[in-house]
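This report refers to the structure that appears directly beneath it.
The values are calculated or read from the model by the stated rules, or taken from the named source; none is laboratory data. Every value quoted in this text rests on a predicted model; they were computed, and no experiment measured them. Cβ placement follows ideal geometry from the backbone for every residue including glycine, while neighbour counts extend to all protein chains displayed. For accessibility, only protein heavy atoms count, side chains too; no ligands or nucleic acids. Shrake-Rupley method; radii C 1.70, N 1.55, O 1.52, S 1.80 Å.
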Amino acid sequence: MNIQAVMTKDEVSFTQARRVNQALTASLEKRALQWMACRAPQWLTSDQLTALGLGAQIGAGVCYALSRYNRYALLPVILCLVLNWFGDSMDGTLARVRCQQRPRYGFYVDHMVDVIGAVALMGGLGCSGFVHWQVAIAMLIAFLLLAAESYLATYTLSRFEMSQGIFGPTEIRLLLIAGNLALLRSPYATVFGHRMLLLDLGGTIAAGCMFAMLIVVTVRHTAQLFREEPLV
């Protein structure tokens, strides 16, 4: 495996995990990010991009909450999701292009920002009235469990899987944008003759898929670790 040991100022060895991204948009996204990073102004830093990503995700949650009173607040949610993608995806790319990586700092801060941002986003969505709280909480729990599994796998397998199958963070943002556009038309869907909230349907499917993925990857990684560390 492509594992890089990094020595910090305190002479602490840190193993940088191999990044794996097999999402649908991964190849195109990587080329676009590298193109932008090479042309980014010198005053722009990775920390500023991380802050932008977090602020945009919190802003998306706030706008979701406001959409309870005015449906057109869903439009700035879309803008916030685009800004979140730019900040969250560009911070690491910019650091790598400029050879300014801080592996431990970057990994810790980036993923704490992801967790905080997810809580803000799902909290705002739960306040929107477009989805029941139970569904929003189920999606949040499923995301946090998948995130925890990913971080544990990164530590134990030295492989950071940025996507689950063909779905990664960018695909999730695209689905949210599509959902917002659909909500502007109608917040309801009809399934087998039953009328229900569109995001209840989508959220239930999303939570179910995430829980299923959690079971699959947990079993797979447990089996791999069992084989690599047999009892003597």
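Say we look at the stretch 109-133 and pick out the residues that are assigned to a helix (DSSP H, G or I) and of a type in the set (Gly, Ala, Ser); which of these is farthest from Gly55 (Cα to Cα)?
Once the filter is applied, the top-ranked residue is Gly126.
Filter the stretch 27-78 down to the residues that are of a type in the set (Ser, Thr, Tyr) and open to solvent by less than 50 Å² (accessible area, probe 1.4 Å) and list them by number. Break it down stepwise before answering.
We begin by selecting, within the stretch 27-78, every residue of a type in the set (Ser, Thr, Tyr); these are 27, 45-46, 50, 64, 67, 69, 72.
Across the stretch 27-78, the qualifying residues are Ser46, Thr50, Tyr64, Ser67.
Looking at the structure I just gave you, is Ile172 touching a residue at least 60 places away in the same chain (Cβ under 8 Å), out of contact with any Phe, Trp or Tyr (no Cβ under 7 Å at 6 or more places or on another chain) and closer than 21 Å to Gln22 by Cβ?
Working: touching a residue at least 60 places away in the same chain (Cβ under 8 Å): no; out of contact with any Phe, Trp or Tyr (no Cβ under 7 Å at 6 or more places or on another chain): yes; closer than 21 Å to Gln22 by Cβ: yes.
For Ile172, the condition - touching a residue at least 60 places away in the same chain (Cβ under 8 Å), out of contact with any Phe, Trp or Tyr (no Cβ under 7 Å at 6 or more places or on another chain) and closer than 21 Å to Gln22 by Cβ - is not met.
Consider Ala182 carefully, then state whether it is among the small types (Gly, Ala, Ser), farther than 25 Å from Thr50 by Cα, touching a strand residue (DSSP E or B) at 6+ places or on another chain (Cβ under 9 Å) and not in a loop (DSSP other than H, G, I, E, B).
Considered against the rule, which asks whether it is among the small types (Gly, Ala, Ser), farther than 25 Å from Thr50 by Cα, touching a strand residue (DSSP E or B) at 6+ places or on another chain (Cβ under 9 Å) and not in a loop (DSSP other than H, G, I, E, B), Ala182 comes out as yes.
Take the conditions in contact with a helix residue (DSSP H, G or I) (Cβ under 9 Å, 6 or more places away or on another chain) and either assigned to a helix (DSSP H, G or I) or not acidic (Asp, Glu) (or both) and apply them to Leu28. Does it pass?
When the stated conditions are applied, Leu28 does not pass them.
Give the residue that is farthest from the chain's Cα centre (by Cα), with candidates limited to residues of the stretch 88-123 that are open to solvent by 50 Å² or more (accessible area, probe 1.4 Å) and either over 21 Å from Arg18 (Cα atoms) or of a type in the set (A, V, I, L, M, F, W, C) (or both).
Once the filter is applied, the top-ranked residue is Cys99.
From (1) in contact with a Leu (Cβ under 9 Å, 6 or more places away or on another chain); (2) open to solvent by 60 Å² or more (accessible area, probe 1.4 Å); (3) not in a helix (DSSP H, G or I), pick out the condition that doesn't hold for Phe211.
Just one mismatch for Phe211, condition (3).
Please enumerate the residues belonging to the stretch 94-146 that are touching a Leu at 6+ places or on another chain (Cβ under 6 Å) and closer than 19 Å to Pro187 by Cα.
The answer is Met122, Phe130, Val131, Ala136.
One line per residue, one yes/no per condition, for (1) closer than 21 Å to Asn84 by Cα; (2) in contact with a helix residue (DSSP H, G or I) (Cβ under 7 Å, 6 or more places away or on another chain); (3) open to solvent by less than 30 Å² (accessible area, probe 1.4 Å); (4) outside any helix (DSSP H, G or I):
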position	(1), (2), (3), (4)
Glu149	no, yes, yes, no
Phe160	yes, yes, yes, yes
Leu174	yes, no, no, no
Ile205	no, no, no, no
His221	no, yes, yes, no
Pro230	no, no, no, yes
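Does Ala148 qualify as being small (Gly, Ala, Ser) and more than 23 Å from Gln22 (Cα to Cα)?
Judged against the criteria, Ala148 is not a match.
Which of the residues that make up the stretch 82-108 are in contact with a helix residue (DSSP H, G or I) (Cβ under 6 Å, 6 or more places away or on another chain) and part of a helix (DSSP H, G or I)?
Scanning the stretch 82-108 gives Leu83, Asn84, Trp85, Gly87, Asp88, Ser89, Met90, Asp91, Thr93, Leu94, Ala95, Val97.
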